[in-house]
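Take a look at the structure set out below.
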Amino acid sequence: MNSIAFWSDQTLKKKKVLRGFLNREKDDGLRFRYDNWIDPAILKYISMSRKFAVSPNGEHIVIGNVDSTALVLDRFTGKIIHRLKGHRKIVLAMNYSNDNKHLVTADGAGNVRIWNAETYQLLASKKLHNFLIFDVDFNHANTEIATSCWDGSIAVWNWKENSVKTKSES
C-alpha cells in the first residue's frame, strides 16, 4: 500500500504511518475485490448506478447505503426517518408494494428482506441468489417477489407461502 512510515532514531520502532485518502482500506460494506476476475465489473456497475424507490404515496424515498443498510428518507425534508439493518452487503435494489404496505430490499450477497412499510419491522427474509441482486419487485397481488441477479438468474419467491422458483441462463 502506498504509505510513508516515520521511525524513531533511538528505538527503531515505527512511530507513525501516513496514507493517502485513496489508499485506505475500504470499509464500505461491499466486500468485493479488484483482484477477483468478476468483482471489478460489479464495482464498475455499482459506481455508475444508484437505485432508489419512491413510496406509492410519494412521501418516502428509500436508497441503499454502502454500510449494508437501506435508508428511508422523508421526500420533502431529505431527513433519514429510518435505517433498515440486517443485510450482509450493500443494498442495491429496493421497491415498495403497490398498496404501500410492504417494502422489499435486496443486497450484494443475494439476500432479500421484506419490511412493514409503516413500522419498518422485518416480516420475512430469504437468500435467493449467490451473487448480487440488481432488481427486485412485487407482483400485482403483493404475494410474490421477483429478483434478477448478476449471474443472469431470476427467482420468484412467494413470501406468503415461502416457495421459490428459479430460472438460470443456459
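The values are calculated or read from the model by the stated rules, or taken from the named source; none is laboratory data. Computed from a predicted structure; not experimentally measured. Every residue, glycine among them, receives a Cβ derived from its backbone with ideal geometry; neighbour counts consider all protein chains shown. Surface accessibility is based on the protein's heavy atoms, side chains included, excluding ligands, DNA and RNA. Shrake-Rupley method; radii C 1.70, N 1.55, O 1.52, S 1.80 Å.
Within the stretch 95-118, can one find any residue that is more than 18 Å from residue 60 (Cβ to Cβ), surrounded by 13 or more Cβ atoms within 10 Å (Cβ to Cβ), of a type outside the set (Phe, Trp, Tyr) and more than 14 Å from the chain's Cα centre (by Cα)? There is no residue in the stretch 95-118 that is more than 18 Å from residue 60 (Cβ to Cβ), surrounded by 13 or more Cβ atoms within 10 Å (Cβ to Cβ), of a type outside the set (Phe, Trp, Tyr) and more than 14 Å from the chain's Cα centre (by Cα). The residues of the stretch 135-158 that are open to solvent by less than 40 Å² (accessible area, probe 1.4 Å) and at pLDDT below 90 amount to a single one, 152. Screening residue 63 with (1) over 16 Å from residue 50 (Cβ atoms); (2) surrounded by fewer than 17 Cβ atoms within 10 Å (Cβ to Cβ); (3) among the β-branched types (Val, Ile, Thr) gives one miss only, at (1). Inside the stretch 55-73, residues that are out of contact with any Lys or Arg (no Cβ under 9 Å at 6 or more places or on another chain) and either modelled with pLDDT of 95 or more or among the small types (Gly, Ala, Ser) (or both) make up a count of 1. A Cβ distance below 8 Å, combined with a sequence gap of six or more or placement on separate chains, defines the contacts here; from the stretch 98-125, residues that are within 14 Å of residue 85 (Cβ to Cβ) reach residues that are among the aromatic types (Phe, Trp, Tyr) in the pairs 103/96; 103/115; 103/120; 105/115; 121/115; 122/115.
Among the residues that make up the stretch 33-54, is at least one of them open to solvent by 80 Å² or more (accessible area, probe 1.4 Å), at negative phi and at pLDDT 90 or above? Checking the stretch 33-54: at least one residue is open to solvent by 80 Å² or more (accessible area, probe 1.4 Å), at negative phi and at pLDDT 90 or above. Within the stretch 134-170, being of a type in the set (Gly, Ala, Ser) and on the phi < 0 side of the Ramachandran plot holds for 141, 146, 148, 153, 155, 163, 168, 170.
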